[in-house]
Amino acid sequence: MKKILFLAGFFLFAISSFAQECFMVSTETRYWDNAGTYSGYTLFGTRGTSYLIDFEGYVIHTWNIGTNPRFTEGGTLLDAVGGNPSNQNVWKELDWAGNALWQYSETRSNYHGHHDFAKIYNPKLGDSTFIYIANKDLTAQQCLDAGCDPSHNYTGAQMDAIVEVDMQGNVVWEWCFFDHVVQDIDPTKPTYGVIADTPGRIDLNLRGNPVKSDWMHCNSLDYNQTLDLMVVNSVHGEFYVIDHGNTFVPNNPVSSIALAASSLGDFQYRFGDPAKYDQGDPPSVLDNWEKATAGNKQLGGSHDIQWIKTGLPGEGNFLVFNNAENLFELTPQSYIIEINPFLNAVGVNTGNFVNPPDAGYNIVNSPDANLMKEKKNISKQVVWRYSSKNNTSFYSTIGSSAQRLPNGNTLVCSMNDGHFFEVAPTDTAIVWEYINPMTRDGIKKIKVDNYPTYNGVFRAYRYAADHPALVGHDLTPGPTMTGATPNYWTPGDITAVKNEEHRVIQDDVLDQNYPNPFTYSTTIEFEIAESKQVSVVIYDFSGNHVKSLLNTRYPKGKYSLTWDGTNDNSQHVASGMYFYILMADNHTLSKKMIYCR
């Protein structure tokens, strides 16, 4: 249902931008362009529960599990147990009713599952398997024997592995970063080599980042069945493509693990930070230390690496949520990045992986001076990049996801604020927006200022009604999470405002107040074309009278007045959204403003 007010509605971003300034945001569905969205239902997990909702925010179904849920092609719900993406050693596959159909536990004491997992179809095995990321413990001696700088302490060191198990829980394949390392400080070790000449291996002695616990902190992985490749993403700003098909031997785990540890398991492709293999410039502070550059680094704190699936716009390209931490931007913001790894320096699709430094970079200027950004080197393999115009609108320091939809839209989940939105591909218009109401302190209709992830959601996914997980089940909407009737804006509200303004505004003008938002006082200017009785009244968001600023007859001309955030009783009102109404004889004009105490 649309929000019905005494005033016509106004556009989503106006609400978002101004409300963020006051640190108060209404939760659940905030905007919906029915004609622009990809039809379906949105799945997400929060505080140990998985929710399936429709566009209005009505809950379709829930499951008593909620860490990083997703539907499988077999029509089940797959998730980790425990609610913490950073620590998970038990995974379950549930049916619609919540019954456990399959479960796997990592019982090895030196493997520590975390962040991501997937159920895949292994064509060489001819059956489904389960893959997951796990930190593998290393001894200090193992690190030193491999060529780690002996000046550091390696107690508690770990490197990530990708583990594959069959549906009976047997490990059938495993790949680990520790088997694909290079170093240039000890020529007596077999790992010795020239870093720049060895992009297929990770430098053991990265500047300022010696091997330690959770060294790579990989947070997402994906499998491409057609290519029989895997991709895994590190929070430090790189993702790596690994050959699965040529390192997997059916029914022979020992040989499979050995092949994965050989040179056949070296990276097929890596993207994000070429300085890590001495083929690019790292981020750095400039001579004027008030400015900095990201160098050739493309990703920072990134999450949710994936291949865009066959049949979708951009199929075969990579899509990743670039949180953009550690990129040395004066004003950081998050991005969604789409990469074609086959493009060369002249933009030709070679059909083979091209090392990103060989493809080169475009120098990109900031689109607006108020973003306060330096020029950036953007890889020529980046074919689409989305960011909000306001750099704080969906910035997320951790977690988050992006999903390419069949209509070309992209569904985005920004973890910090539990913020989901669907963005169109061409004019980057938002067609749906939702704020998770489940917080650390329970369900909230309004989210106030709080620390990141107060209402965080690790990822969100959209599924059409014909997905196997939904077919044959009751999709009748239940209550919203807050129990409230949905209040949101639609394109009709915007059109109604414009039509109304063209109909009633002939020669009188009401300007936008300034500053807006404001803390102490704001100026309201208006102009009337002829002598008439004029009143200016302030109303709150619910339509309640707050204050009459004037009610008198004015001659033709332009006028201004101020409001100091008080009501008719000279008491300061609460922070929030207000409307000021100009009534000039039979003409009524209105605008919105934000007061922040």
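The values are calculated or read from the model by the stated rules, or taken from the named source; none is laboratory data. The structure presented is a predicted model; accordingly, all values stated were derived computationally and were not measured. Cβ sites come from the backbone with ideal geometry, for glycine too, and all protein chains shown count toward neighbours.
Assorted remarks:
- Residue within the stretch 181-197 that is surrounded by 21 or more Cβ atoms within 10 Å (Cβ to Cβ), under 30 Å from residue 121 (Cβ atoms) and not aromatic (Phe, Trp, Tyr) present: no
- Screening the stretch 274-311 for residues that are among the basic types (Lys, Arg) and in a loop (DSSP other than H, G, I, E, B) and picking the one that is surrounded by the most Cβ atoms within 10 Å (Cβ to Cβ) gives 297.
- Among the residues of the stretch 562-577, those identified as hydroxyl-bearing (Ser, Thr, Tyr) and either modelled with pLDDT under 90 or farther than 17 Å from residue 519 by Cβ (or both) are 570, 575.
- Taking the conditions (1) under 18 Å from the mean Cα position of the chain (by Cα); (2) of a type outside the set (Lys, Arg); (3) crowded, with 17+ Cβ neighbours inside 10 Å in turn, residue 89 satisfies each one other than (1).
- Checked against the criteria, residue 445 counts as surrounded by fewer than 23 Cβ atoms within 10 Å (Cβ to Cβ), under 17 Å from residue 53 (Cα atoms) and either of a type outside the set (S, T, N, Q) or not assigned by TED's automatic domain parsing to the domain that holds residue 59 (or both).
- A search for C-beta distances below 6 Å between a residue of the stretch 570-590 that is without any contact (Cβ under 8 Å) to a residue 60 or more places away in the chain and any residue that is assigned to a strand (DSSP E or B) and among the charged types (D, E, K, R), counting only pairs 6+ apart in sequence or on different chains, returns 578/540; 585/532.
- Strands (runs of 3 or more DSSP E) wholly inside the stretch 533-594 containing at least 2 residues that are hydrophobic (A, V, I, L, M, F, W, C) and over 15 Å from residue 510 (Cα atoms): none
- The residues of the stretch 34-78 that are among the small types (Gly, Ala, Ser) and crowded, with 18+ Cβ neighbours inside 10 Å, listed by number, are 40, 45, 50, 57, 66.
- Among residues that are over 13 Å from residue 269 (Cβ atoms), in contact (Cβ under 8 Å) with a residue 24 or more places away in the chain and not in a loop (DSSP other than H, G, I, E, B), residue 321 is included.
- Residue 515 fulfils the conditions (1) over 24 Å from residue 26 (Cβ atoms); (2) under 39 Å from the mean Cα position of the chain (by Cα); (3) without any contact (Cβ under 8 Å) to a residue 60 or more places away in the chain except for a single criterion, (1).
- Exclusive hit being in a strand (DSSP E or B) and touching a residue at least 24 places away in the same chain (Cβ under 8 Å), set 119, 189, 124: 119
- Looking only at the stretch 197-246, residues that are modelled with pLDDT under 95 and among the hydroxyl-bearing types (Ser, Thr, Tyr) come to 0 in all.
- Across the stretch 93-107, the number of residues qualifying as over 15 Å from residue 469 (Cβ atoms) and either assigned by TED's automatic domain parsing to the domain that holds residue 469 or not in a loop (DSSP other than H, G, I, E, B) (or both) comes to 4.
Residue-by-condition table, conditions (1) within 13 Å of residue 317 (Cα to Cα); (2) under 20 Å from the mean Cα position of the chain (by Cα); (3) hydrophobic (A, V, I, L, M, F, W, C):
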| site | (1), (2), (3) |
| --- | --- |
| 335 | no, yes, no |
| 347 | no, no, no |
| 352 | yes, no, no |
| 370 | no, no, no |
| 382 | yes, yes, yes |
| 389 | no, yes, no |
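- Exactly one residue out of 287, 273 is acidic (Asp, Glu) and modelled with pLDDT of 95 or more: that is 273.
- Test: residue in the stretch 578-585 that is touching a Lys or Arg at 6+ places or on another chain (Cβ under 7 Å), farther than 30 Å from residue 430 by Cβ and either of a type in the set (Gly, Ala, Ser) or modelled with pLDDT of 90 or more (or both): yes
- Of the residues making up the stretch 267-289, those that are acidic (Asp, Glu) and under 24 Å from the mean Cα position of the chain (by Cα) number 1.
- Filter pass, residue 249 being part of a loop (DSSP other than H, G, I, E, B), at pLDDT 95 or above, surrounded by 22 or more Cβ atoms within 10 Å (Cβ to Cβ) and not charged (D, E, K, R): no
- The set of residues from the stretch 156-177 being over 29 Å from the mean Cα position of the chain (by Cα), hydrophobic (A, V, I, L, M, F, W, C) and closer than 19 Å to residue 216 by Cα comprises just one member, 157.
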